[in-house]
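As structure tokens, the structure follows; a few thoughts come after it.
The values are calculated or read from the model by the stated rules, or taken from the named source; none is laboratory data. Remember, predicted model here, so these are calculated numbers, not experimental data. Using ideal geometry, Cβ is built from the backbone for each residue, glycine included, and neighbour counts are taken over all protein chains shown. Calculation scope for accessible area: heavy atoms of the full protein, side chains included, ligands and nucleic acids excluded. Shrake-Rupley method; radii C 1.70, N 1.55, O 1.52, S 1.80 Å.
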Amino acid sequence: MDGQELERLDGRVAAVIYCNEENGYTVLRLEADDGSQAIVVGCIPMAAPGEQLSAFGAWTRHAAHGEQFKAQYTERTMPSGASAIFDYLSSRVIKGIGPATAALIVGKFGDDALNVLRDHPEKLAALRGISTKKAEEMSEAFRHQTGMRSLMEFLGSAGLAPVLALRLYRLYGDDALETVEDNPYILSGIQVGATFAEADALALAHGMEADSPQRIAAALLFELRHNSENGHCFLPVDKLTAATAQLIGVDAEQIGEGLDILLEAGDVIQEPVGNVTACYLAPLYAAEVYVARRLREMAGHSYENVHVNVERVIEKLEGEQRISFAPQQRRTLDAAAKKQLVVITGGPGTGKTTSVRAVLSLFDAMGLETMLAAPTGQAAKRLGDLTGREASTIHRLLEASFSPETDSTVFRKSENDRLRCDALILDECSMVDMSLMRAVLAAVGPSCRLVLVGDADQLPSVGPGAVFRDVIRSGVAETVRLTEIFRQKTDSRIVLSAHQIDRGEVPDLRANRDGFFFLRRREPDSAAETIVSLCQERLPKNMGIPSGQIQVLTPTRKGAAGTEELNKRLQQALNPPAVGKQEFVFAGRTFREGDRVMQIRNDYDVQWKTEALESGYGVFNGDIGYIASIDPGAESFVIDFDGRRAEYAFEQASELDHAWATTVHKAQGSEYRAVVLAAVRAAPQLMYRSLLYTAVTRAAELLVIVGDEECIRVMTENARRAKRYSGLRIRMVNEDT
């Protein structure tokens, strides 16, 4: 249609033949005023019978379906007249309204039915069979549907996926359209998830100049945010300027002028770090400075008079647990008694759990109120199971929520409302990024003890910084390195192989015994078939391990042995369709009762409940559960997250991935009875030692590696650690920074 004047086709939607919820592509039958009908195709999200529609496009001929009108864009108005309104409402486009309810509403209110539905739900409640609650729910659903449709049409004008509208509406409600019109770049925020290119295209399409200050500022902020998601706390100014200039095609001088504006506004902070001039997002700069200062202060604080006999505590624990503490573990207790900040690091089998339990007992003996936390739900559950104490995720402990105004997480627990504890033990600290550590330190009191526990050789945090590693490297904090593998672990080839990998030694893949097995499958398709067979039949039958206790890990999302394809195969094998088993399709994916799923973005508004009638809000990135039930009528489903049941609307399926197979990054902080690892070719940036080491250390009892031994060799020998721009170590060492 390039270069052609668009034709216009007006009419009333007679029927919706097909609609793809993922991209809004729709096929509908349009009826003109003279009674003639035409097939219209294009991006027309949430179309419904009864609507008046003006389509702008051109006539085309489809080889199989004949003549049809291909719409480049559409303009729609709500149906008018009782007949059209009835067709619209009876199509079930509004949640909670079907043909019978539509007839009741239109029969009473006629041409004014939609106005009543939108503005006067109390009048609906006067009708037979409609309660006040149901009337309010129908009115809210109608306002939601009309707001969503307008938002989808606006985004669709730039070819953006309707799922982005769902996320925008959840964040900004009825103000979503106005908000994104004012600033299209909010689309590239972490909670919405569009690319910068998509947001930029929308902005340019609606009149923004290519060299406008708003565009340059948005591009600079995007580069800093994007790189923070890749682990960087700052970017050197020359790299930031060059990357931004390349991103939007504006010369470096103009980028510099745009940066000056951001610096003057305080949105970006620039200062020397080491031998570079660093540019920080203001919140990340504040976080790094705060974390360095607090940790340095805590590391420097010692307790001279410890009113407890540490040796007596050790003797008591050794007697109760029938163990003998190693010198390093004794040093851990001595440090925990005397220092406000203690770091415990070590690989698998080196006694981190024993040390944590011992420190907890020591704090009990000292009369200290101690809290336990970890970054993920799986890690918190494991910490609680191993210590016999309640443990929480850091986000729940700090009562996290999301602020659309700042596009960031906020925490109720802070300097103004601190945690009521004398000591805090944090596990899996390699996963804790700079912003989260800042929140933790803000929430603990000035005298609160802090014990950081983790394995510094695992993957670093997904978010900005390498906090755990930098704290250790600074040499400022009292750090105990556990290196001795204890006798009960020396027979585990999982533990021994993990330590070999950590030293850069390729593990013996021929000795299939003691919980460690290797199956050679050099082609990804063959590896995928074997993985499915292991989960479906071989491990449950031969090893007595149920499918629900097996986790498949892979380095990559893509390819035959990536998470996307493996999850399709595993769903078909482990949870196939069955009579009476409900399912629904969203964005091309089938969700079925019994499916294992993972939350892939923080959602602070989801309410959960337990059988013990406990309740709370928030489901977080990495939480794994299963779909307990699906209600097609209510367009909702319930996920059980280890006893916490949360109800989701169908549209919230965009926040989920299937989780029979996950990437190694997503498995951080978790431990599984059995792990099946796909060792297949992946992008070079995923073929490195700490990723393999992290995967192997996720297995508690059984590890089966399926793939190519050459991949294992390459990953083991690749000791690279991606450089992360962070000033934490320098700031901890230098009191003037």
For residues in region 80-89 being part of a helix (DSSP H, G or I) and open to solvent by less than 30 Å² (accessible area, probe 1.4 Å), which is farthest from R12 (Cα to Cα)?
L89
Residues in region 538-547 that are surrounded by fewer than 20 Cβ atoms within 10 Å (Cβ to Cβ) and in contact (Cβ under 8 Å) with a residue 40 or more places away in the chain total 2
Which condition does V310 not pass, out of (1) buried (at least 21 other Cβ atoms within 10 Å of the Cβ); (2) in contact with an Asp or Glu (Cβ under 6 Å, 6 or more places away or on another chain); (3) more than 30 Å from P464 (Cβ to Cβ); (4) of a type in the set (A, V, I, L, M, F, W, C), if it passes all the others?
(1)
Could you figure out which of (1) more than 22 Å from L436 (Cβ to Cβ); (2) open to solvent by 90 Å² or more (accessible area, probe 1.4 Å); (3) modelled with pLDDT of 85 or more isn't true of E297?
(1)
Going residue by residue through region 61-73, is there one that turns out to be under 19 Å from N115 (Cα atoms) and more than 40 Å from the chain's Cα centre (by Cα)?
no
Would region 571-585 turn up any residue that is of a type outside the set (G, A, S), buried (at least 21 other Cβ atoms within 10 Å of the Cβ) and not in a loop (DSSP other than H, G, I, E, B)?
yes
Of all helices (runs of 4 or more DSSP H) completely enclosed by region 317-396, which ones contain at least 3 residues that are under 27 Å from A667 (Cβ atoms) and open to solvent by 10 Å² or more (accessible area, probe 1.4 Å)?
352-365, 377-387
Here's a check for you: in region 231-251, which residue that is surrounded by 13 or more Cβ atoms within 10 Å (Cβ to Cβ) and among the small types (G, A, S) is farthest from S726 (Cα to Cα)?
A245
With region 429-520 as the region, which strands (runs of 3 or more DSSP E) entirely inside it contain at least 3 residues that are open to solvent by less than 10 Å² (accessible area, probe 1.4 Å)?
449-454
Which listed residue is assigned to a strand (DSSP E or B), touching a residue at least 40 places away in the same chain (Cβ under 8 Å) and not hydroxyl-bearing (S, T, Y), from A646, A653
A646
Any residue at all in region 53-76 that's part of a loop (DSSP other than H, G, I, E, B), farther than 23 Å from C19 by Cβ and either open to solvent by less than 40 Å² (accessible area, probe 1.4 Å) or not aliphatic (A, V, I, L, M) (or both)?
no
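Table: residues versus (1) at pLDDT 95 or above; (2) open to solvent by 10 Å² or more (accessible area, probe 1.4 Å); (3) among the small types (G, A, S).
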residue: K666; (1), (2), (3): no, yes, no
residue: V676; (1), (2), (3): yes, no, no
residue: A682; (1), (2), (3): no, yes, yes
residue: Q685; (1), (2), (3): no, yes, no
residue: L703; (1), (2), (3): yes, no, no
residue: M715; (1), (2), (3): yes, no, no
Limited to region 412-428, what total is found for residues that are assigned to a loop (DSSP other than H, G, I, E, B) and either open to solvent by less than 10 Å² (accessible area, probe 1.4 Å) or closer than 25 Å to F234 by Cα (or both)?
1
Residues of region 186-208 satisfying the condition of being closer than 26 Å to L656 by Cβ and either open to solvent by 20 Å² or more (accessible area, probe 1.4 Å) or touching an Asp or Glu at 6+ places or on another chain (Cβ under 8 Å) (or both)
I186, L187, S188, G189, I190, Q191, G193, T195, A197, E198
Over region 559-590, the set of residues within 24 Å of P162 (Cβ to Cβ) and either without any contact (Cβ under 8 Å) to a residue 24 or more places away in the chain or not polar (S, T, N, Q) (or both) is E564, K568, E583, F584, V585, F586, A587, G588, R589, T590
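Which residues, taken from region 656-682, are assigned to a loop (DSSP other than H, G, I, E, B) and within 20 Å of S461 (Cα to Cα)?
Within region 656-682, V664, Q668, G669, S670, E671 meet the criteria.
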The one condition in (1) open to solvent by 40 Å² or more (accessible area, probe 1.4 Å); (2) in contact (Cβ under 8 Å) with a residue 40 or more places away in the chain that E264 fails to fulfil
(2)
Subset of region 626-643, residues in contact (Cβ under 8 Å) with a residue 60 or more places away in the chain, part of a loop (DSSP other than H, G, I, E, B) and under 28 Å from V462 (Cβ atoms), comes to D642
Select, from R92, R118, R128, the only residue that is part of a loop (DSSP other than H, G, I, E, B), modelled with pLDDT of 85 or more and open to solvent by 50 Å² or more (accessible area, probe 1.4 Å).
R128
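Would region 103-110 turn up any residue that is in contact (Cβ under 8 Å) with a residue 40 or more places away in the chain, on the phi < 0 side of the Ramachandran plot and open to solvent by 20 Å² or more (accessible area, probe 1.4 Å)?
No.
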Flag if A113 is open to solvent by less than 30 Å² (accessible area, probe 1.4 Å) and within 30 Å of L6 (Cβ to Cβ):
no
Against the conditions (1) out of contact with any helix residue (DSSP H, G or I) (no Cβ under 8 Å at 6 or more places or on another chain); (2) touching a residue at least 40 places away in the same chain (Cβ under 8 Å); (3) open to solvent by 50 Å² or more (accessible area, probe 1.4 Å), where does S690 fall short? Just the number, please.
(3)
Specify the residue that is nearest to I94 (Cα to Cα); the eligible residues are those in region 6-51 that are in contact with a helix residue (DSSP H, G or I) (Cβ under 8 Å, 6 or more places away or on another chain) and open to solvent by 20 Å² or more (accessible area, probe 1.4 Å).
M46
Could we say that D211 is farther than 22 Å from P464 by Cβ and either crowded, with 20+ Cβ neighbours inside 10 Å or without any contact (Cβ under 8 Å) to a residue 24 or more places away in the chain (or both) here?
no
Looking at region 278-294, which of the residues that are part of a strand (DSSP E or B) and not small (G, A, S) is most open to solvent (accessible area, probe 1.4 Å)?
L281
More than 30 Å from E253 (Cα to Cα) and in contact with a strand residue (DSSP E or B) (Cβ under 6 Å, 6 or more places away or on another chain): which single residue out of G173, G147, G156 fits that description?
G156
Find the residue count for region 663-711, including only residues that are farther than 20 Å from L566 by Cα, of a type in the set (V, I, T) and in contact with a strand residue (DSSP E or B) (Cβ under 6 Å, 6 or more places away or on another chain).
0
